[in-house]
Each structure stands twice: as C-alpha cells, then as structure tokens.
Amino acid sequence: MPTVGVKRDLLFQALGRTYTDAEFDELCFEFGLELDEITSEKEIISREQGDSKASGASDIILYKIDVPANRYDLLCLEGLVRGLQVFKNKLEAPRYRRVSPVSGEAQKLIITKETAAVRPHAVAAVLRNITFTQERYDSFIELQEKLHQNICRKRTIVAIGTHDLDTISGPFTYTAKPPGDISFKPLNQTKEYTATELMSLYKTDSHLRHYLHIIEDKPVYPIIYDSNGIVLSMPPIINGNHSKITLNTKNVFIECTATDLTKAKIVLDMMVTMFSEYCAEPFTVEKAEVVYPDGKTCIYPELAYRKEKLSGEFINRKVGINESTEKIAQLLTRMCLRSQATGVGDEIEVEIPPTRSDVIHACDIMEDAAIAYGFNNIPRTTPRTYTIANQLPLNKLTELLRQDLAAAGFTEALNFALCSQEDIADKLGKKISETRAAHISNPKTAEFQVARTTLLPGLLKTIAANRKMPLPLKLFEISDVVLKDETKGRYSTFFPGRCAEIFVHGNSVGRLGVLHPDVINRFELTMPCSALEMDIEPFL
C-alpha cells in the first residue's frame, strides 16, 4: 500500500475542523484507510540519516496515511480531503468537465511514427488559469511522484511531464531520435547536454539513475518539441529546464507518454481532476488534441463517466446486511459514486466518475457500500461452513515455552526481524561475510540492512535502551531468524572457555555461555551478560 504524507495542520484546515490523533485515526478506519504514523520531517531524517543531518529540518507534524494501491484519487491532499468531505456528507462529489479553449484552437500534440520503436502512446491536457501556492505546488509534484511509483510502475508504463504553457508554443511534436541527435538543457541544469551525455551524467544521480534502463538500450530516445524546436521533455527521464513550472505558472500543459494507452488515460485523468479545483473555473479541464501517425485524432482528457446497474439484494447478500435500496444508494453516494434507485425492483444505478478507475466490477461497488456502512456495524454471523482449526505444532510449542519462561521471571521482548549489518557482525565479533545473512537490496535506513541471523543483538539493544532499570534484567525472545544455509560457524560472540554448544541427537541446536567483553562494550553495556540461544524446531 502506498503511503501519503500530509501536513496535519494543513489537512485539518482543508477539512474545516481539528481532530485529535485518535479521532482522525478512527475517521481513516471508517473510510478504509489507516493512519500509519505520526511523525515530522525532522524525525524522519534523524531516524534515517542521523541527528546531525536533521538539525535544520522542519518540526511540522506529518500524518503518514496508508492508501489502497488502487485508489489513485487519494494519493494527494486534494483528493484525500475531497473524498473525506464527501464521505462525511459535507460536500457533494464535483462534476469534472472538459472544455474548449476560450480563444483559439486547442493545443495539439503530434505523434510521429518513430515513437513506435520505444514508447508509442501519448495523451495531453491543459489546466488553464490555475493558482499555485507553495503547498499546492508541492502537492502537485508529489502526486506525480506517487503516480510514477504506483500505476506508472516506476515510469516504465507511463511518464508524466508538466510544463508552463506560457513559455512554449504549440503544436507540439512527440518523436524519437538517436541519442546523439538530441541536445537540450535539462531541468535544473545550466548548460545543454546531448542525450548520450545525460545518460552518463545521471548514472550517479540517486533519483534518476533508476529510470535510465528504460530507454538506454534503445536505438532512439523519445523526445517532445514545441513548434520552435524547444525541448519540453525526454521521457521518461527528465523535463527540459525551459518549460519548468513555478509558483507563478498560470497555465499548465500536461503530457503523458506511455507503453499502455489505458494507463496513460487514467494517469492524465488523475492529474487534472485532483488539481482542476485551483483553476479560475473549478473542476474544468481544457482539452488537447493528439494526432497519431495514421492521421487519427483523439481528444483528451477523456474524463469519462459511465453508469452501472446492480441489485440491492446483491449488495445486502454479499456484505451481510439488510438495507433498503434507497439507503444503499446513499451509502454509495458517500463514496463518490452517485447512485439512485431506478424504481425497477431493487435496481440501483451507479455513476462511476473518472476519479474511480478502480471500479471495474460490481464487487468493487459492493466493497464501497460495505465501507460506507461501516465494517464494525456489519452483524456477526456464524459461518455456514463448519471446520475445526488446529494450531501449528511449532506455534503450540512456542506458546508453551513463553508461558514457562514468563513464569520463571523473564520478560519477553519482541524485536524487529531486520537489523543493521553491524549488529549481527562487528558488534558480535564477526565479519559480515561469515554471517551468511540475507541482505536487503535497497534498505531505507541503516537499522534495517539485513535479516537477523541471531536473536542476541535485538535483546542486547533492548537492554541498552533500559540500562536505568534495576538489575538483574532477565529477558527472552522466541522469534524467527533467517539463515542463508544450514552451515554454522564457531561463535566468537562468547567468551573463550565459557561457551557451550547444545546438541540434540547429534545435531547442534544452539549455544549458551558468557558474552565476550568486546561484545558487551559494542552494545554500550557495563555489566556482564550470559545468554542462551537455541532452535526449538528439532524438539517437535
């Protein structure tokens, strides 16, 4: 599930009221979301990069909200607020309209046949007379990134380009050329580069290097020009610096290039519906023409509404409720699906707006009815299928051991299954190459680099964090570890001569002993420690 970070105070201002953390958590649950974390930019940087890097960061409270992967309309503050306001009956779902330019012809994007070899599809639209603030601008850029990472599949399927229309002039041409024939000044750069030079330049860029593989082996690269030969973008890598949008931008030209036309249409609809409320005429989007190599012309954005019909009995039966057709229609309307009873039996007509591309089947509509009704309000019933479950033997043994260890005066710890390389290697007196650990390919923080191969580091860090507690500290943990193979090495973690290996039926299942003083020091502990670690599976 993608996570959306929104500033708490800005969110409450948009919602028109202030919530406590608990109240907003409950509202998210009712709407089918989850308030995952309450943090700040400073706290995030401190956790990921250390306190020194976070010294100048913002203390503004951020809500990290988990959004279902198919709800692209909730990936920004604007869509989230709109959805919640409609859900709380404080707002009617807006009607999105495609309009013609007030004066002159529609902007035109011409696709040449050369694009077929690399990225054949493109769509476009214009947001006319839009007003940006810093918060709106940041949200606009953030939504592009969220879409790129989700429906766009890291730009492999769709790439979004946004441009200040007043700095360029149409008609625009989407073509493809050999990299050596492409030259322009990329976003935030001060000089021109050829496409070949750009690919070399961005190989060390922490953000853009992840997208180079999409086109770097192609004989031609996609490129978009205006009528004066100015480069708008080289999708899916980088936009041109000439047409970059700023807080002063009033008219935005949006183009999406793609390998999948359906996904491109969805992405374009999301971009324009989310931010058209800031246009002089809210919720209107100026059309653009796309001309294909065969001469065919299409008008975008589609902003298509469609209607589906289903029975109230279907929803009642699937959800497990017993509501009238009118009440079900009201529930669906709260989910931005305008609905009404047709009067033909228990038939309900549901209008699917362009923001709800996730609704593709009657079951999707039924799910929204369940969310609006409230999962906690659905009556509990006894399942008609009678089955008897059994506890896994390993879990049963685990629970028995937990009770006995707790009864013996030990306190249970539950630590993360991921840790740093230092925790399972250097601090335990080992080399990382000897640990046979499973490594995370793209760790987000230094604390989560590898899967733990032993439970000791987590317990020792727990003790280190509770050094002010009265001694003795007696802790235990029964959890999983991850090993790449069955091979076991000698244990320099323990003090020589004060360590024993435990064998069951001739097989090593663990070890116990006094920890080496160096290990104690590395975990910043001051008292001697003894430990027992063993595998309980062989006892089943």
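The values are calculated or read from the model by the stated rules, or taken from the named source; none is laboratory data. The structure presented is a predicted model; accordingly, all values stated were derived computationally and were not measured. Ideal geometry is used to build each Cβ from the backbone, glycine not excepted, and the neighbour counts take in all protein chains shown. The protein model used for the area step is the full one, side chains on, heavy atoms only, and it has no ligands, DNA or RNA in it. Shrake-Rupley method; radii C 1.70, N 1.55, O 1.52, S 1.80 Å.
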Taking H as built 1.01 Å from N, whose amide H comes closer than 5 Å to the amide H of Val285, not counting residues under 5 places away?
Arg97, Arg98, Val99
Glu41 versus Lys431, label points 7 Å from Cα toward the beta carbon: distance in nm?
4.4
Spin-label point model (7 Å from Cα, Cβ direction): what's the Ile502 to His439 distance in nm?
3.2
Sort out for me the Cα centre separation of the stretch 429-474 from the stretch 390-419, rounded to whole Å.
19
Order 70-77, 246-253 from most to least packed using the mean count of other Cβ atoms within 10 Å.
70-77, 246-253
Taking θ = phi - 60°, what integer Hz values does the Karplus form 6.51 cos²θ - 1.76 cosθ + 1.60 yield along the stretch 338-353, in sequence order, with x for Gly and Pro?
4, 9, 7, 6, 7, x, 9, x, 9, 6, 10, 9, 10, 9, 9, x
Determine the dipole magnitude for the stretch 97-300: charges of +1 sit on the beta-carbon of Lys and Arg, -1 on that of Asp and Glu, nothing else is charged, the reference point is the Cα centre, and the result goes in debye to the nearest 20.
340
How big is the antiparallel share of DSSP beta bridges in the chain, given as a percent to the nearest 5?
85
Would you list which lysines come within 23 Å of Lys484, measuring only between C-alpha atoms, while excluding same-chain residues fewer than 8 positions from it?
Lys427, Lys430, Lys431, Lys444
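Could you provide, to the nearest whole Å², the per residue accessible area of the stretch 160-283 with probe 1.4 Å?
Numbers: 4950 Å² over 124 residues.
Spelled out: the 1.4 Å probe surface of the stretch 160-283, per residue, equals 40 Å².
Length gain on complete extension for the stretch Thr398 to Asp535, per 0.36 nm per residue less the alpha carbon to alpha carbon distance? All intermediate terms of the calculation are to be shown ahead of the outcome.
Numbers: separation 137, 0.36 × 137 = 49.32 nm, distance 1.08 nm.
Once the chain is fully extended between Thr398 and Asp535, it gains 48.2 nm.
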Cα Rg, Dmax, the stretch 3-88, angstrom units
13.7, 43
If each of Met1 and Lys64 carries a label point 7 Å out from its Cα toward its Cβ, how far apart are those two points in nm?
1.3
Solvent exposure of the stretch 393-539 as accessible area per residue, Å², 1.4 Å probe:
63
Can I get the semi-axes of the stretch 287-336's equivalent ellipsoid? Compute them from the C-alpha gyration tensor as square roots of 5 times the eigenvalues, in angstrom, largest first.
41, 12, 7
In the structure shown, of Lys177/Lys218; Lys146/Lys265; Lys154/Lys263; Lys244/Lys265; Lys265/Lys318, the pairs separated by more than 20 angstrom at the C-alpha atoms are Lys244/Lys265; Lys265/Lys318
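Carbon-plus-sulfur fraction of the accessible area of the chain, 1.4 Å probe, in percent?
50
If you count only protein heavy atoms with a 1.4 Å probe, what accessible area per residue comes out for the stretch 3-88, rounded to a whole Å²?
46
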Grab the beta carbon distance between Thr526 and Asp9, set R0 = 41 Å, and tell me the FRET efficiency rounded to 0.05.
0.40
Extend 7 Å from the Cα of Lys113 along its Cα-to-C-beta direction; within the stretch 151-191, residues with backbone N under 17 Å of that point are 174-178
Expressed in angstrom and rounded, the centroid-to-centroid distance over alpha carbons for the stretch 84-154 and the stretch 329-377 is 25
Along the Cα-to-C-beta direction of Asn248, a point sits 7 Å from the Cα; which residues of the stretch 153-174 have their amide N less than 16 Å from that point?
164-168
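Which number comes out as Rg/Rh for the chain once both Rg and the Kirkwood Rh are worked out on C-alpha atoms? Please report the intermediate quantities before stating the final value.
On the way: Rg = 29.2 Å, Rh = 27.8 Å.
Reported Rg/Rh (Cα atoms, Kirkwood Rh): 1.05.
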Compute, for Asp181, the solvent-accessible surface of its heavy atoms (probe 1.4 Å) with the complete set of protein chains present, and express it in square angstrom to the nearest 10.
100
Starting from the Cα of Lys53, move 7 Å in the Cα-to-Cβ direction to define the label point; list residues of the stretch 437-460 whose amide nitrogen is under 18 Å from there.
440-450
Can you tell me how much longer the chain between Glu92 and Thr381 gets when fully stretched, taken as 0.36 nm per residue apart minus their C-alpha distance, in nm with one decimal?
100.6 nm
Give the long-range amide H neighbours of Leu475: residues separated by 5 or more places, or on another chain, with amide H under 5 Å away, using H modelled in the peptide plane at 1.01 Å from N.
Thr411
